[in-house]
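Written out below as structure tokens is the structure these notes cover.
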Amino acid sequence: MSRTAITGVRVFDGESLSEPTAVVIDGETISADTAVDSADVVIDGEGATLLPGFIDTHAHPRTREQLDAAARAGITTIFDLGSPDLDTVRALRAETGVPDLRSAGHVASGPGSMFIEKVGMPASTGVTGPDDAARFVADRKADGSDLIKIIIEDPKFPGSKPLDTATIAALVSAAHEAGYLTVAHVVSTFTLRQALDAGVDIVTHAALGGEPDDEARALIARNGTVIIPTLGMMHGIVETVGGRLLMKIIGALVPAARMDYRFAEATVRAFRDEGSRVLVGTDANDNANVPHQVPFGESLHDELGRLVAAGLTPVEALRGAGSAAADVYGLDDRGRIRAGLRADLVLVDGDPTDDISASRRIRGVWIGGARVVEVASAHR
Ligand SMILES: [Zn+2]
């Protein structure tokens, strides 16, 4: 087994930053033995920081090239939160030298929703009522889905085909009974409240029409609801959809359809202040039928920067792409730098716990001990 030593490097172990030390990669894992002498490759880490590989908790990859772009940006695990094409997902999961891919597969939505009519989910993913929830979850189990994604549309939005609260609650209990985590797509304070009332584990997208009120905040605190805000996506929606005349008119008439990015930032702070975890998810996608396309890879660094601009500390933002993401998704073999864990690692110049923009200055990336980005090193 090949051994790689990174010396004189400060380590963000998933929680805090260490003094300069050595980390040794032995095969696929981080070694307990930090003796540099026995290493085949030695990398001088002076002035650099070693971090757990980034976890993108919300994306929609469809090609090998997208996964490569993610890997080059330091992403070592990526969650597909909804794909109409399971064959593509299976093929991507079989690729090597790319981020470890987990997938929700098909998403639950209202019958006839735009996710069925435009995004391409099968008609059977339309959940007809509470009695249909267990069937939907059983179908996902048969597909090999890793988690259950629920689309909660707002009935006040034009063209929506929303699931009702009872159906959402039935989906959550059926998913929990089958041992699944639930992630709900929410687009407004109303749909956030539906997700909270239904006991959803994770909500994704920080609403643009308002921030959580006191009752919602109490539910967030009580349930420990996690959020994946996808601030880059929300900002993109304001720029693209929000600029259209029709949406300006609707926004003026329907308060819930307002589009103000400041509400998304306030929502991030509300979850953080209620003691909940805020995870880093890009919503990277190339689907022309969703409101905004987000590029793979670089968008993770944009998201880290946006979370810090919204009020998180750099360490809180980094945890959201590392230890907190691993904890929420139940990945106990990664998300930290510790002997015995997967060698999913990112080496960057500078200190991103102080200046988040340093996360972009990548010198090396390892996925399960395999180097996917080259760095200057001394071979013995
Ligand atoms: Zn998405």
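The values are calculated or read from the model by the stated rules, or taken from the named source; none is laboratory data. Everything quoted here is computed from the prediction, not taken from an experiment. Don't worry about glycine lacking a Cβ; one is built from the backbone with ideal geometry, like all the others, and counts go over all protein chains shown. Keep in mind that these areas ignore ligands, DNA and RNA; they rest on the heavy atoms of the full protein, side chains included. Shrake-Rupley method; radii C 1.70, N 1.55, O 1.52, S 1.80 Å.
Computed from phi, the 3J(HN,Hα) profile of segment 116-124 under the Karplus parametrisation 6.51, -1.76, 1.60 (θ = phi - 60°) reads 8, 6, 10, 7, x, 5, x, 4, 5 Hz, with x in place of Gly and Pro. Summary of packing: across the peptides 129-137, 293-301, the per-residue average of other C-beta atoms within 10 Å ranks them, highest first, as 293-301, 129-137.
Amide H contacts of Arg277 (H built 1.01 Å from N, in plane; Pro and chain starts excluded): Ile227 sit under 5 Å, all sequence-distant by 5 or more or on other chains. Here the peptides 217-226, 281-290 are ranked by packing, the mean other Cβ count within 10 Å, and the order with the highest first is 281-290, 217-226. Mean Kyte-Doolittle of at least 0.5 plus a Cα span of 20 Å or more along the axis: flag which DSSP H helices in the chain meet both, please. None clear 20 Å together with a mean of 0.5. Ordering 327-337, 42-52 by mean Cβ neighbour count within 10 Å, with the highest value first, yields 42-52, 327-337. Under a 5 Å amide H cut-off, with hydrogens placed 1.01 Å from N, Ala184 pairs with Ile150, Ile202, Val203, Thr204 among residues at least 5 apart or on other chains. Here the Kirkwood formula puts the hydrodynamic radius of the chain at 21.1 Å, using every distinct Cα pair.
Among the lysines in the chain, how many pairs, 8 or more places apart or on different chains, have alpha carbons under 20 Å apart?
Final tally of qualifying lysine pairs is 6.
Using the Cα gyration tensor of segment 198-245, with a ≥ b ≥ c the square roots of its eigenvalues, what is the shape: rounded (a/c below 1.5), prolate (a/b larger than b/c) or oblate (neither)? Because a/c hits 1.5 or more and a/b exceeds b/c, segment 198-245 counts as prolate. What the chain shows is 39 Å² of accessible area per residue, with the surface traced by a 1.4 Å probe over protein heavy atoms. A straight chain from Glu28 to Asp286 at 0.36 nm per residue would run longer than the Cα-Cα distance by 89.7 nm. Considering only alpha-carbon pairs that sit under 8 angstrom and 6 or more positions apart, the relative contact order computed for the chain is 21 percent.
Positive end of the dipole of segment 54-329 (Cβ unit charges, origin at the Cα centre): among Gly311, Pro130, Pro158, the Cα lying farthest that way belongs to Pro158.
Computed about its Cα centre, the charge dipole of the chain is approximately 620 debye, with only Lys, Arg, Asp and Glu carrying charge at their Cβ. Given +1 at the Cβ of Lys and Arg, -1 at the Cβ of Asp and Glu and no other charges, the dipole of segment 8-144 around its Cα centre is 760 debye to the nearest 20.
Taking the DSSP bridge list for segment 3-157 and keeping only pairs wholly inside it, about 35 percent are antiparallel. Electrostatic tally near Arg262: other residues with Cβ closer than 11 Å to its Cβ, Lys and Arg +1, Asp and Glu -1, net -1. Rolling a 1.4 angstrom probe over segment 54-329 with all protein chains present gives an accessible area of which 52% lies on carbon and sulfur atoms.
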